[in-house]
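> One structure follows; several queries about it will come next.
The values are calculated or read from the model by the stated rules, or taken from the named source; none is laboratory data. Because the structure is a prediction, the values reported are computed rather than measured. Ideal geometry is used to build each Cβ from the backbone, glycine not excepted, and the neighbour counts take in all protein chains shown. When the accessible area is computed, the model is the full protein with side chains, heavy atoms only, and any ligands, DNA or RNA have been set aside. Shrake-Rupley method; radii C 1.70, N 1.55, O 1.52, S 1.80 Å.
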Amino acid sequence: MRKSIRPLIALTAALALTVTAGMSALAQADNTDKHFSVIEAASNEDSLTIPEIAKKCGTSVVAIETETKVVYNTYDNDYYNPFGGMFGYGFGYGYGNRGGRGGTQEYTQKAAGSGVIISEDGYILTNNHVISGADKITVYVNPGDGSEEKTYEATLIGSSESNDIAVLKIDATGLNAAAFGDSDQLEVGELAVAIGNPMGQVHGSVTAGIISAVEQELTIDDVTINAIQTDAAISPGNSGGALLNMRGEVIGINSNKIGGSSIEGMGYAIPISTARPIIEDLMERQPRTKYSEEERGYLGISCINVTSDLSENFSMPQGIFVAQVYSGTGAETAGLVRGNIVVAFDGVTVQNQEELTKQMQYYKAGESVEITIMVNSANGYQQKNVTVTLSSYDQINAASKAAQESKQR
């Protein structure tokens, strides 16, 4: 890799020395053709040097840190079968917290990523996978005057899991918003600069390379995008940062790196022209409000996580197994029954109780929400969408108490 980059750097430096004050042939051409190849970048009067791009755009890229509370169950696999009730036995013990055989533990998982300031009043663009499920999102902004970074707690405005895009909001004004370019005009061989927060340790790190491919179909975690490929170094933590052209315009949202540490030069970005309408739609949404335990809505079920191991052992979809539906709740009215598996809530995939809880805290009792369940049938599990009117805290408490009293009779 080093052998291929050094000649490129040498060539770029040599070309930079030959810049003249006159208009190049490209500049005299159709002004809508604004791509930059290695040769053209040295002579186009609109282009910037990499240090100029770093200075112009460095304060438009932020570092992001997230904190997520992870709760997991511990139990003796030889003693407890969580799906015993499916085969005619009693439902068994509560999931990992009965009989002294197990319990729950929790810890705070921290992660890091990057983001791009897209408005002077604090809207920030990033990847959905950077902030998905986070309980707390912290944004670090470089003020650009040599002083220490400013720290803000961000609010999630909206996200699109299928496009891996999210928009955050911080309480700030006068920020250096990035300019968007036109990724539809990109050509292989153009110079590109990436700015981000690699490994969560180097805020505002700058790397450079070329556009290696455009419209490269890429599927990661069931999300498929037509991505920009670049050999500018993109490492974990760069996700959500900016891929820039030589005018300092954002042409892509750095998203993934393929091959881990063994393969270099295969970084991918979501084209900004693809992302732009989604970003504009998300920015029109109001900040999401987190409701307290007493205010938020509830489905009205008790449930068990179908982990990947359980999914394989019991031949069922991974998700949230409905163990019981409480009488008089929204879940019962919507037709949920024991044995259904919840896999999505309001269009967001949920694979365990923790993810479901984090989604539901933004919904108030009485709201109607579409959820996706898997229903077991003679032909195997079938997907079904149902609309549930969320129950209140008091309703759930009363229904749960009635269910316990019924079992004791």
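> Given the condition open to solvent by less than 40 Å² (accessible area, probe 1.4 Å), at pLDDT 90 or above and more than 30 Å from the chain's Cα centre (by Cα), answer yes or no: does some residue in segment 311-325 qualify?
Yes, there is a match, as at least one residue in segment 311-325 is open to solvent by less than 40 Å² (accessible area, probe 1.4 Å), at pLDDT 90 or above and more than 30 Å from the chain's Cα centre (by Cα).
> Hey, can you tell me all the residues within segment 293-310 that are among the hydrophobic types (A, V, I, L, M, F, W, C) and either surrounded by 20 or more Cβ atoms within 10 Å (Cβ to Cβ) or under 21 Å from ASN397 (Cβ atoms) (or both)?
Those that are among the hydrophobic types (A, V, I, L, M, F, W, C) and either surrounded by 20 or more Cβ atoms within 10 Å (Cβ to Cβ) or under 21 Å from ASN397 (Cβ atoms) (or both): LEU299, ILE301, CYS303, ILE304, VAL306.
> For the structure I just gave you, tell me whether MET374 is closer than 23 Å to SER160 by Cα, crowded, with 17+ Cβ neighbours inside 10 Å and out of contact with any Gly (no Cβ under 6 Å at 6 or more places or on another chain).
yes
> OK, next. Go through segment 205-214 and count every residue that is open to solvent by 50 Å² or more (accessible area, probe 1.4 Å) and under 16 Å from VAL116 (Cα atoms).
Of the residues in that region, 1 qualify.
> Being touching a residue at least 60 places away in the same chain (Cβ under 8 Å) and within 30 Å of TYR123 (Cβ to Cβ) narrows it down to one residue among GLY330, GLY339, GLY300, GLY347; which is it?
Every option except GLY347 fails the conditions.
> Could you check how many residues of segment 170-213 are at pLDDT 95 or above and closer than 15 Å to ILE131 by Cα?
Summing the residues that are at pLDDT 95 or above and closer than 15 Å to ILE131 by Cα in segment 170-213 gives 1.
> Please list, ordered by first then second residue, the pairs with beta carbon atoms under 7 Å, 6 or more apart or interchain, first in segment 259-278 and open to solvent by 20 Å² or more (accessible area, probe 1.4 Å) and modelled with pLDDT of 90 or more, second aromatic (Phe, Trp, Tyr) and in a strand (DSSP E or B).
ARG276/PHE180
> Please count how many residues of segment 382-393 are open to solvent by 50 Å² or more (accessible area, probe 1.4 Å), touching a residue at least 12 places away in the same chain (Cβ under 8 Å) and more than 19 Å from GLN353 (Cβ to Cβ).
Final tally of qualifying residues: 5.
> If we scan segment 393-404, do we find a residue that is within 16 Å of CYS303 (Cβ to Cβ) and part of a strand (DSSP E or B)?
no
> What number of residues within segment 160-192 satisfy the criterion of being outside any helix (DSSP H, G or I), of a type in the set (S, T, N, Q) and within 19 Å of PRO277 (Cα to Cα)?
3
> Restricting attention to segment 184-204, and to residues there that are over 21 Å from the mean Cα position of the chain (by Cα) and not β-branched (Val, Ile, Thr), which single residue is most open to solvent (accessible area, probe 1.4 Å)?
ASP184
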